[in-house]
């Protein structure tokens, strides 16, 4: 079990602006940012005893995806091999090599819905579906039933009746193993099944894959063992790891968003290094760009004091994000202002905690408003120790912000500490399994 006992999180003075106002005119709706307009992620990942470069220029095609050079500022979906040594390969190809150049039929089982659940996870799967369709692959999507379209970029979407997660009511779950869904997938005749994990729906996807003798890929997105102590009983961590081991040992391939999470899964015995791959995610640098810096948005986020240093956080507001730790940080920065962009089950409690402090809660922002919120801040903070990737960190960097984040989960894999950001040590006790 991973237990957060304390965190030494502070915002170094050199990351805060030294000028009183970064815009020359208070009436301007936008202004030039003081930082570089581009950011290239070039720090290497390490995995086991082998240093794995973030960029790979090979043309391995897998599940409708071509690996391309993966840098921040690219919205390409990439799958990169993660292994301990050069000889470590998958025992056998998931698909006939001759079929790799042909359009394929891919069944995606995604829980919660990438169409109704607001998170970086939503963006990842929507882009993934779009990219598969652009590659010419046939796609069918099974997800929780609320708020789903009939089709998305030509991919048919099937809604499966859901129920709320007992300890996280806003997250719908579904087994997706009804006769209707089994029949639909059987008629679709998938070449491969891809399921998000962990969850409930992945069990249904695994069962259908076995019924149809179809290979299954599982992508790991939520580090539930870290969430459990925040929402329920800590003794449930070990049973959760048993569930994760059962699922991923049955998978033909496991995809992880960061090398750190891959290490955790291997250490826990959930998968082997030769059955694990790193699934990188790029950022749309057109949408997340310093050019969106807006004086009007800065006034909104700073509660009418745009000349003050502005700290921002973007993301789901949940207990597992450790956002309460930011109160002590802000106590030490009386001149600074903080804005929380996002929604979640912990929002009301966090608002009460910050009562009387210069904090703004905007709720969920999307589109240009979200782009402006990122670019109009001075520093981005991420105290969460449960991030499997930390997509919002990449979006903040792409928007031109320095980042202060916890040295935990997948975040150290994406922050070039010696370049633009600061990592703070989390003091952890015990092991994550």
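Every read-out reported here was derived from the displayed coordinates using simple, explicitly stated rules and does not represent laboratory data. All values reported here derive from a predicted model rather than from experimental measurement. Note that each Cβ is placed from the backbone with ideal geometry, even for glycine, and that neighbours are counted across all protein chains shown.
State, to one decimal in nm, how far the label point of residue 284 lies from the label point of residue 361, with both points 7 Å from Cα in the Cβ direction.
2.8 nm
Would you mind ranking 234, 384, 162 by Cβ crowding within 10 Å, fewest neighbours first?
The most exposed by this proxy come first: 234, 162, 384.
Any idea how far apart residue 250 and residue 151 come out in nm if each label point goes 7 Å out from Cα toward Cβ?
3.3 nm
Rounded if a/c is under 1.5, else prolate if a/b beats b/c, else oblate: with a ≥ b ≥ c from the C-alpha gyration tensor eigenvalues square-rooted, which is region 287-382?
oblate
Starting with the fewest neighbours, write out 238, 347, 308 ranked by other beta-carbon atoms found within 10 Å of each beta-carbon.
Going from sparsest to densest Cβ surroundings: 238, 347, 308.
In what sequence do 152, 246, 288 fall when counting other Cβ within 10 Å, fewest first?
246, 152, 288
Once both labels are modelled 7 Å past Cα along the beta-carbon direction, what's the residue 296-residue 211 spacing in nm?
With each label point 7 Å from Cα toward Cβ, the separation is 5.3 nm.
Would you please give the FRET efficiency between residue 242 and residue 163, computed as 1/(1 + (r/R0)^6) with r the Cβ-Cβ distance and R0 = 25 Å, to the nearest 0.05?
Result of the calculation: an efficiency of 0.65.
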